[in-house]
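Encoded as structure tokens, the structure appears first; notes follow it.
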Amino acid sequence: MTYKLLILEGMTERGQAVLDAEGWTLDSKKAMPPAELAKIIGEYDAVTIRSGTKFTAEVVAAAKKLRVIGRPGVGVDNVDVEAATRAGIFVMNSPGGNLVSTCELTMALILATSRNIAAADASLKAGTWDRKAFAGGAEISGKRIGIVGFGRIGREVAARCKAFGMEVWAFDPFVSGQVAERVGVKAVTFDQILEACDYITLHTVMTPDTRHMLGKEAFAKIKPGVRIINAARGELIDEDALFAALEDGRVAGCGLDVHAKEPPVDWKIAKHPKVVATPHIGAQTVEAQDRVGTDIAYQVRDFLKDGVIQQAVNFFQLSGEAYDQIKPAIDLGERLGSLLAQVTPGEIRKVEVTLHGTFKDLQPQPILQATAAGALKVADPGITFVNAMARAESRGIEVSQAASSATMRHANLMGVKITTAEAELAVAGTLFGEGQLRLVEIDGIPVDAVLHGHMLAIKNDDTPGVVGRIGTKLGENGVNIAQMNLGRKAAGGRAVMLIEVDADVPESVLDALRKIAGVREARAIRLG
């Protein structure tokens, strides 16, 4: 399958080569205003952008074909993620590529604020030799630093601070204390960091809860003489409160790579003599720019080719081994949901997923979301993994998940049940071998069918001659049978036929099948 991609503001040479190798259409353009971008975005399946592009709700609304927005680096502040999520568009970033560069800049800011490096350099460049003016520097060895946000960058900063002889404390409500302790870092509360640390460095995400986490109340608690570093997000700090703390001496120095407004509207913080300020250059190294640009190219390629979801900020941050483990279950849930929606009459009211065996040890939410998407997009192609739950909620559809410890005949088993206004139907599936998706039960009847391609689902009476009449009718209409799977509850009772065919079966052929004596229902299924 071919795709059309828009590359805004350039891409690394290696990243370009990754996409060129697929033979897709690639259009490279400079950054453009949202109104201009909205005029052309409708023809593209994917787009990569950098900081100079504003991907607004207006642009999202015009992006009728768009499946993924790729943003090199960490920040997606220039993307209306909420609008993209409603539209079912994945928003991916590549946070790992600039990890080292951001970490090293943090260390540079720690040292610069401790030794007055920027001011001393400016003094010397102005032709002044005044060593006494910079006699108030501080050593970092033996000092205590508090790291707020103990993710990948926070841990890298911790390792380097320990190498400098610092005592490292960390606060992160989403990381267990054992994780910090394993690397020789003390896990503490945010207030403990404020009250007892000589340095505070921020490495957390920007959310409504973290906005202005260093505000007037926090500055009232901090240890006098603290030095603060922020290379994460500008709005983590209330700049008015910071300015007051700098002026009254509670904050001895501050190193800022990020700012509440970029570029600043009010330059009083950036120009303050106790502040070392840089223009958001955390990822501005040759190595980081190459890595993040190349990483996002791989992510976009893998998503379009194989449906691999990596570093999607509006889905689940699954990557590497964790993603490899859960992807087959995600695929199975999507296929089972899709199959059920195609064979169950009526408008969907409820989707239920039950995980057995090894499946119950996986993170359930991505599986649930994929199953809901598979079921709902049969009637609405605009639904994806990203917006399935929101669409379900808006339509009053109940989506639920449970784990079962019951002993089953398969090591992993997933049950899915759909309730509609007219009927209720349940299926079960499992994984065979190297991730082969198999349907093993439908409507309480054991079956064995591969969940792929075109199928016919036929409910019939278990009486002699029905199977032959169905095969004959398909042959008369030029429908080739690849494989036939039969199942029944008891001899002479209800039976199910799952017939794998090579192509779509026309409605006229389905009508002919329904007229065969003993056939109760015949439906066509198309799976990915």
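Matching residues to (1) exposed (fewer than 12 other Cβ atoms within 10 Å of the Cβ); (2) part of a loop (DSSP other than H, G, I, E, B); (3) touching a residue at least 60 places away in the same chain (Cβ under 8 Å):
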site	(1), (2), (3)
Leu437	no, no, yes
His454	no, no, yes
Asn485	no, no, no
Asp511	yes, no, no
Ile516	no, yes, no
Glu521	no, no, yes
Arg526	no, no, yes
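Out of curiosity, is Asp80 touching a strand residue (DSSP E or B) at 6+ places or on another chain (Cβ under 7 Å) and touching a residue at least 60 places away in the same chain (Cβ under 8 Å)? When the stated conditions are applied, Asp80 does not pass them. Screening Phe174 with (1) surrounded by fewer than 17 Cβ atoms within 10 Å (Cβ to Cβ); (2) over 25 Å from the mean Cα position of the chain (by Cα) gives one miss only, at (2). Checked against (1) closer than 21 Å to Ala406 by Cβ; (2) touching a Gly at 6+ places or on another chain (Cβ under 6 Å), Asp361 meets all criteria but (2). Pick from the range 277-305 the residues that are among the β-branched types (Val, Ile, Thr) and more than 21 Å from the chain's Cα centre (by Cα): which of them is surrounded by the fewest Cβ atoms within 10 Å (Cβ to Cβ)? So, considering only residues that are among the β-branched types (Val, Ile, Thr) and more than 21 Å from the chain's Cα centre (by Cα), the one surrounded by the fewest Cβ atoms within 10 Å (Cβ to Cβ) is Val286.
Yes/no per residue for (1) modelled with pLDDT of 95 or more; (2) among the basic types (Lys, Arg):
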position: Asp27; (1), (2): yes, no
position: Glu36; (1), (2): yes, no
position: Lys39; (1), (2): yes, yes
position: Asp45; (1), (2): yes, no
position: Thr48; (1), (2): yes, no
position: Ser51; (1), (2): no, no
position: Glu58; (1), (2): yes, no
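Exactly one residue out of Gly154, Gly149, Gly96, Gly136 is modelled with pLDDT under 90 and closer than 25 Å to Gly225 by Cα, and it is Gly136. A single entry from Gly465, Gly415, Gly444, Gly429 fulfils the requirement of being assigned by TED's automatic domain parsing to the domain that holds Val509 and either under 33 Å from the mean Cα position of the chain (by Cα) or on the phi > 0 side of the Ramachandran plot (or both): Gly465.
Tell me yes or no: at least one residue of the range 471-479 is modelled with pLDDT under 90 and either in a strand (DSSP E or B) or touching a helix residue (DSSP H, G or I) at 6+ places or on another chain (Cβ under 6 Å) (or both). Looking through the range 471-479, none of the residues is modelled with pLDDT under 90 and either in a strand (DSSP E or B) or touching a helix residue (DSSP H, G or I) at 6+ places or on another chain (Cβ under 6 Å) (or both). Annotation note: Cβ proximity below 8 Å between a residue of the range 237-265 that is assigned by TED's automatic domain parsing to the domain that holds Leu109 and a residue that is of a type in the set (Val, Ile, Thr) and at pLDDT below 95 (sequence gap 6+ or interchain) occurs for Asp257/Ile281. Considering only residues in the range 341-354 that are within 14 Å of Glu521 (Cβ to Cβ) and assigned to a helix (DSSP H, G or I), the one that is nearest to the chain's Cα centre (by Cα) turns out to be Gln342. If you check Ser404, Ser394 for being free of Cβ contacts under 8 Å to residues at least 40 places away in the same chain, small (Gly, Ala, Ser) and in the same structural domain as Arg335 (by TED's automatic domain parsing), only one passes: Ser394. Selection of helices (runs of 4 or more DSSP H) fully inside the range 143-212 by the criterion of at least 2 residues being in contact with a Cys (Cβ under 7 Å, 6 or more places away or on another chain) returns 152-163. The set of residues in the range 249-263 being in contact with a His (Cβ under 8 Å, 6 or more places away or on another chain), surrounded by fewer than 17 Cβ atoms within 10 Å (Cβ to Cβ) and closer than 16 Å to Gly136 by Cβ is empty.
Considering the conditions (1) in contact (Cβ under 8 Å) with a residue 40 or more places away in the chain; (2) within 30 Å of Leu513 (Cα to Cα); (3) of a type in the set (Gly, Ala, Ser); (4) not in a strand (DSSP E or B), Ala379 is excluded by exactly one of them, (1).
Rundown of residues vs (1) surrounded by fewer than 23 Cβ atoms within 10 Å (Cβ to Cβ); (2) over 22 Å from Ala232 (Cβ atoms), yes/no style:
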site	(1), (2)
Ala35	yes, yes
Glu58	yes, yes
Ala61	yes, yes
Gly73	no, no
Glu82	yes, no
Met92	no, no
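When we screen Ala503, Ala491 for residues that are in a loop (DSSP other than H, G, I, E, B), in contact (Cβ under 8 Å) with a residue 12 or more places away in the chain and in contact with an Asp or Glu (Cβ under 7 Å, 6 or more places away or on another chain), the only hit is Ala491.
The values are calculated or read from the model by the stated rules, or taken from the named source; none is laboratory data. What you see is a predicted model, and the numbers here were worked out from it, not measured in a lab. Here Cβ is always computed from backbone atoms with ideal geometry, including for glycine, and neighbour counts include all displayed protein chains.
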